[in-house]
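Heads up, the thing below is written out as structure tokens.
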Amino acid sequence: MFRVRVNKIESTRDIDGNLGKRLELLEEQEVNPYVLRPQTDEAKMAQDIMQALQQQMPFLPQRQQLTTPKIILFLTEQEYDSLGIIFDVNQVYEVVLENQVIRFRKI
């Protein structure tokens, strides 16, 4: 069992020209909260200012996490509807792999 976050949903066509969806699912990993926030108030303020500047000025380098999709699904509209799950970007799902079956459960 593991968790995935929907990173991208794109419209696509299959080989026969049928409309479908391409779903990109990234593995959701636990992040230690102590690593994210600095210990001192001054360091926290400096980090907040840098994040605000990066958002306002896109030419400033941002720290990016390199991610590789855990699962990529190519589904026709009919297959997507048959799956019975409405995927939303940034939504987290629990994935269970057992007995040749993949199950998704919305968290």
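Of everything in the range 36-51 that is part of a helix (DSSP H, G or I) and of a type in the set (S, T, N, Q), the residue that is modelled with the highest pLDDT is GLN47. Taken together, LEU75, LEU66, LEU83, LEU60 contain a single residue that is hydrophobic (A, V, I, L, M, F, W, C), more than 22 Å from the chain's Cα centre (by Cα) and modelled with pLDDT under 95, which is LEU60.
GLN54 falls short of the stated requirement of being outside any helix (DSSP H, G or I) and modelled with pLDDT under 90.
The values are calculated or read from the model by the stated rules, or taken from the named source; none is laboratory data. What you see is a predicted model, and the numbers here were worked out from it, not measured in a lab.
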